[in-house]
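The values are calculated or read from the model by the stated rules, or taken from the named source; none is laboratory data. Everything numeric here is computed off the predicted structure, so don't read it as measured data. Reconstructed Cβ throughout: ideal geometry from the backbone, glycine too, with neighbour counts over all protein chains shown.
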Amino acid sequence: MRVLVSNDDGVEALGMRALAEGLLELGEVVVCAPDREQSATSRSISLHRPLRIEQLPPWGPDGQIERWSVDGTPTDAVYIGLNQVLKARPPDLVASGINRGPNLANDVHYSGTVAAAMEGCVGGFPSFAISLVKGRDYAHAARFAAALARQIGAHGLPPGRNREVAAAMKRLRGQRIVFHGLRKNAVIMLLEVGCTEDEVGAIVGMSAAMVRHYAKEVRRHQLAINAMKKLETGWAAIRKNVLGAAGTAS
């Protein structure tokens, strides 16, 4: 497997090095990333100036990881990676990260990390982005990324789809595949997989009191939905009984 790795924290970021070296077990890894911090650049591209590309000293125990820097955005870097650096040897996968900090809910619309994965997806390659919620120990996130990459390599992704992963601060207590939604809805999901209120607050950027408030609000909403479902089920049973009785009477 050949993997193109990029990010928005810059080509020397520790998180990307952990990701690139963690993916080495799968095969060839090539880095093409912005030459500096490009957080919150979303999917912007450079149109009115030439881009400068530079090959950098390799990473890896034996220098196996080829590295390139681009003086542009994450989207620029992935575009250059796909259409110049790896033009003659297309990758099997595009991986972006490991981002320093979470990308949750509406964050993904601004995130350069997610934008890099989206550019890979637009280019027709299976892609994912991964972020570390808090801290600087990227080891467990890198292991999860390697496991995810292995699964994507074996089973693929639906065309036009990419994955965005938010890794836990210290250790994974569970895994869940969800649709992106409102930040407050992430509160319940994180509580359900065993995070404490303080941990959830750190992840989503809320106080513990606000976490409790949103948790109650979301639970009330879910209770209302469940009540409506029970009501609809009850009415369906009544209609069925009434229609059945009318048919018998006729």
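Below is a table of values for the structure above.
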| item | result |
| --- | --- |
| Subset of the stretch 168-227 (residues that are assigned to a loop (DSSP other than H, G, I, E, B), at pLDDT below 75 and aliphatic (A, V, I, L, M)) | 168, 169, 172, 177, 178, 182, 193 |
| Answer from 46, 39 - the residue that is free of Cβ contacts under 8 Å to residues at least 40 places away in the same chain and polar (S, T, N, Q) | 46 |
| Filter pass, residue 123 being farther than 18 Å from residue 7 by Cα, modelled with pLDDT of 90 or more and surrounded by 12 or more Cβ atoms within 10 Å (Cβ to Cβ) | no |
| Single match in 43, 36 (criterion: under 19 Å from the mean Cα position of the chain (by Cα) and surrounded by fewer than 18 Cβ atoms within 10 Å (Cβ to Cβ)) | 43 |
| Among (1) within 16 Å of the chain's Cα centre (by Cα); (2) modelled with pLDDT of 80 or more; (3) not assigned by TED's automatic domain parsing to the domain that holds residue 135 - the single one residue 157 does not satisfy | (3) |
| Scope the stretch 78-102; condition in contact with a helix residue (DSSP H, G or I) (Cβ under 9 Å, 6 or more places away or on another chain) and polar (S, T, N, Q); matching residues | 96, 99 |
| Matching residues in the stretch 1-37 - criterion: being part of a strand (DSSP E or B) and either among the acidic types (Asp, Glu) or at pLDDT below 95 (or both) | 28 |
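Each row is one residue, and each column tells you yes or no for (1) part of a helix (DSSP H, G or I); (2) of a type in the set (Asp, Glu); (3) touching a residue at least 40 places away in the same chain (Cβ under 8 Å).
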residue	(1), (2), (3)
76	yes, yes, yes
80	yes, no, yes
91	no, no, yes
94	no, no, yes
99	no, no, yes
106	yes, no, yes
114	yes, no, yes
119	yes, yes, yes
